[in-house]
1. Among the listed residues Glu116, Glu172, Glu155, which satisfies the condition of being open to solvent by 30 Å² or more (accessible area, probe 1.4 Å), under 20 Å from Ile209 (Cβ atoms) and of a type in the set (Asp, Glu)?
2. Collect the residues in the range 177-220 that are assigned to a helix (DSSP H, G or I) and without any contact (Cβ under 8 Å) to a residue 60 or more places away in the chain, keeping them in residue-number order.
3. Select from the range 79-113 the residues that are open to solvent by 10 Å² or more (accessible area, probe 1.4 Å), in contact with a helix residue (DSSP H, G or I) (Cβ under 6 Å, 6 or more places away or on another chain) and either free of Cβ contacts under 8 Å to residues at least 24 places away in the same chain or outside any helix (DSSP H, G or I) (or both) and list them in ascending order.
4. Given the residues Arg6, Arg72, Arg26, which is the only one that is open to solvent by 30 Å² or more (accessible area, probe 1.4 Å) and at pLDDT below 90?
Amino acid sequence: MNDAPRGPTQLAPPEAIGALRRQRLRWARLYFVCDARPDGPDPEAMLNAAMSGGAGMIELRDREHPRSAVERSGHTFRRLANTYGALFIVNDDPHLALELRADGVHIGQDDMHPAEARQIMGPDAIIGLSTHSREQIEAAAQAPVDYISVGPIWETPTKQGRPATGLGLIGEAAQIAERPWFAIGGIDTENVSEVVSAGAERICVVRAIRDAADPRAAATTLFDAVDPAAREERSG
């Protein structure tokens, strides 16, 4: 389903780490964001379901639970990302990302400047940036980032107060984005075809996998939508 090389990024020679991470980024089509889940279902089962279904990137995003709980879950994220050859990203906190040996950090428009995150993480790390408008997408081309997210396409409780951009921003991103980009915000198995038709080739989801009755089946459906070749290979 995903031909990106597997195994832990950290075992590659130092000069090859950045290249390997960016190769994995190019291959990634489905990006799953998950919290530490200390009070809920085991994150290991959820992450296994997401990555076995096609997720090539996983992000630890948790602002509610104690740091100790987030750190414990982070080690599970790292181990499973190694197993599947996926990228492990930490939200907002480059220092935590370094502590957990993550592949990178994702920051928002209201977080630290990308240059500061790059300085902390170093040249081999993956830096992601949220964008919500054409102007922000264009500005990202001049920032030291490796990928961007574009949205939220639809309003979502994971980004309360952030107005939806609508499908139109996907078309603009397809025309002007100079970095790999992921459509995000309210995307699920029912509407992903609209997102793809609008021009998206990569998507980022939270609830579509996390809250699904069958997370692996949901991940597979989402992955197939953005990677028709994988669907054809599986059915053929």
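The values are calculated or read from the model by the stated rules, or taken from the named source; none is laboratory data. Everything quoted here is computed from the prediction, not taken from an experiment. A quick note on method: Cβ atoms are made from the backbone with ideal geometry, for glycine too, and the neighbour counts reach across all protein chains shown. These area figures cover heavy atoms from the full protein model, side chains too; ligands, DNA and RNA do not enter into them. Shrake-Rupley method; radii C 1.70, N 1.55, O 1.52, S 1.80 Å.
1. Working: Glu116 fails: under 20 Å from Ile209 (Cβ atoms); Glu172 fails: under 20 Å from Ile209 (Cβ atoms).
Residue meeting the stated conditions: Glu155.
2. Initially, the range 177-220 is screened for residues assigned to a helix (DSSP H, G or I), giving 192-198, 207-210, 215-220.
Within the range 177-220, Val192, Ser193, Glu194, Val195, Val196, Ser197, Ala198, Arg207, Ala208 qualify.
3. Residue satisfying the conditions is Arg101 alone.
4. Details: Arg72 fails: at pLDDT below 90; Arg26 fails: at pLDDT below 90.
Going through Arg6, Arg72, Arg26 in turn, the sole match is Arg6.
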